[in-house]
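S.K.: This is the structure I have questions about; it appears just below.
Just so it is clear, none of the values below were taken in a lab; they were calculated from the coordinates. Not measured: the values here are computed from a predicted model. Heads up, the Cβs are rebuilt from the backbone with ideal geometry, glycines too, and the neighbour counts pull from every protein chain shown.
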Amino acid sequence: MHNQTERLVHWLISGLQLEASLFHVGQYCGNWRASTAGRARASFHLVLRGQCYLHLDGRAPLALAERDAVFLLRDLPHLLTPTPDRDAARPAAMSALLPARADGTGLACGFFDFHGAPAELLTASFPDCLLLRADSPALRAVAPLFDLILAEAERADIAADDGTARPSPLVSRLTELLFFYLVREVASRAEVETGLWAVAAQPRFAPLVEHLLHEPGRDWSVEDMAQVANMSRASFFKHFADTCGQPPAQFLLSLRMNIAARRLRRGDSVTRAAEHVGYHSPAAFTRAFKKIMGEQPGAYQRARRSALPALHEVDA
């Protein structure tokens, strides 16, 4: 891994605030379907035993085997079923993992919550769907994690209040570790957007990037940005340009348009996306968006609405 990329990946992992929570753990048998869609949250599915198929709109069914893992970084319409025929699947109750049944598929499913500036960059620059294959040579180190997750999933705690079974909380914590390994692998292979990540990874600029991400619509001047960075205007301008290869105003424009693009992909109107990043003139926003993104915002949104979900499969 290139030294610069390695430093940025380490920064991303060390600064990413992540919390996983379980939705359910158990096995489905016979004809069934499962999904975590519709809750406006990032989610995951771990295949603990057996096999199943992942259905994403517009894509052919993806076969999932034991120890495969799917991480959806945004709320995507999807289904898990026991066969490639999604239309034949019917809602069914999940049963306990033990005793294991020959026609059963063991699953651990849940949600992710991301916080902090690295999370903003992660969700903006990573594919919507990350698929980790169990036989991936690049991630052999995570095999013991799956062993631990399965062992904890099979070990149900008993709630003192009502006597009902509940999964071990360690399943969530171990899933977080699994995700961090996957983030490192994907970030190491991907073409990292060095300008934005390099600025965010600098301690003297990190507070500024966090401010810009949370208030992209503010009327930022170079003086304002220098003040947040606790630097003189001249010193800030020089060191900022040296770090990311472009002046602060151009960086801000690019950041705003990328934030607007993300909101367009997620269903905001052009007007709302423009206002969120500080544009009250549709014509001015259209010119700025086309300059950075290469097409007008309306055309960009229509094309992405009909596009397939971005998927990255780690299998080699």
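S.K.: For the range 3-192, what percent of Cα pairs sit more than 29 Å apart? Before the final figure, lay out each step's value.
M.R.: Numbers: 3847 of 17955 pairs.
Everything past 29 Å amounts to 21 percent.
S.K.: Now, a different point. Taking 1 over the mean of 1/r across every pair of different Cα atoms in the range 194-305, what Kirkwood radius in Å do you get? Let's see the in-between values first.
M.R.: Working: mean 1/r = 0.0692 Å⁻¹.
That comes to 14.5 Å for the range 194-305.
S.K.: Which ordering of E215, E66 is given by a fewest-first count of other beta-carbon atoms within 10 Å?
M.R.: Details: E215 12, E66 16.
By the 10 Å Cβ count, ascending: E215, E66.
S.K.: Would you compute, from DSSP H runs of 4+ residues alone, the mean residue ellipticity of the chain at 222 nm, taking -39500 (n - 2.57) per run and dividing by the full residue count, rounded to the nearest 500? Before the final figure, lay out the partial values.
M.R.: Details: 12 runs with 135 residues, N = 316.
The helix contribution divided over the chain gives -13000 deg cm²/dmol.
S.K.: Which cross-chain or sequence-distant (5 or more) residues have an amide H under 5 Å from the amide H of D68, H modelled 1.01 Å from N in plane?
M.R.: Close amide H contacts, sequence-distant or interchain: V47, A134.
S.K.: In degrees between 0 and 90, to the nearest 10, how far off the longest principal axis of the chain does helix 233-244 point, with axes built from Cα atoms?
M.R.: 40 degrees
S.K.: Provide the per-residue ³J(HN,Hα) series for the range 278-284, in order, calculated from phi with Karplus coefficients 6.51, -1.76, 1.60 and θ = phi - 60°, each as a whole number of Hz, with x at glycine and proline positions.
M.R.: x, 10, 10, 9, x, 5, 5
S.K.: Collect residues whose amide H, placed 1.01 Å from N in the peptide plane, falls under 5 Å from the amide H of F23; neighbours closer than 5 in sequence don't count.
M.R.: Long-range HN contacts for F23: C109, G110, F111.
S.K.: Turning to a different aspect of this structure: Rank-order 251-260, 199-208 by packing density, defined as the average count of other C-beta atoms within 10 Å over each peptide's residues, highest first. It would help to have the intermediate numbers written out before the result.
M.R.: Numbers: 251-260: 21.4, 199-208: 18.8.
Most protected by this proxy first, the peptides run 251-260, 199-208.
S.K.: Can you run phi through the Karplus equation (6.51, -1.76, 1.60; θ = phi - 60°) for the range 20-32 and list ³J(HN,Hα) in whole Hz, with x for Gly and Pro?
M.R.: 9, 9, 7, 9, 7, 9, x, 10, 9, 10, x, 9, 7
S.K.: If I model a spin label at A88 and E223 as a point 7 Å from the Cα along the Cα→Cβ vector, what separation in nanometres do I get?
M.R.: If labels sit at A88 and E223, their model points lie 7.1 nm apart.
S.K.: Next up: Would you please give the residues with an amide H less than 5 Å from that of Y53, counting only those at least 5 places away or on a separate chain, with H modeled from the backbone geometry?
M.R.: Sorted by chain and number, the residues that satisfy this are L64, T81, T83.
S.K.: Another one. Show me, for the range 285-300, the HN-Hα J-couplings you get by feeding each phi into the Karplus relation (A = 6.51, B = -1.76, C = 1.60, θ = phi - 60°), rounded to Hz, glycine and proline as x.
M.R.: For the range 285-300, the Karplus-derived couplings read 5, 4, 5, 5, 5, 5, 4, 8, 9, x, 7, 6, x, x, 5, 4 Hz, x marking Gly and Pro.
S.K.: Then there's this: Most fluctuating residue of G38, G104, G15 in a GNM of the chain with Cα springs under 10 Å: which is it?
M.R.: Among G38, G104, G15, the largest GNM mean-square fluctuation belongs to G38.
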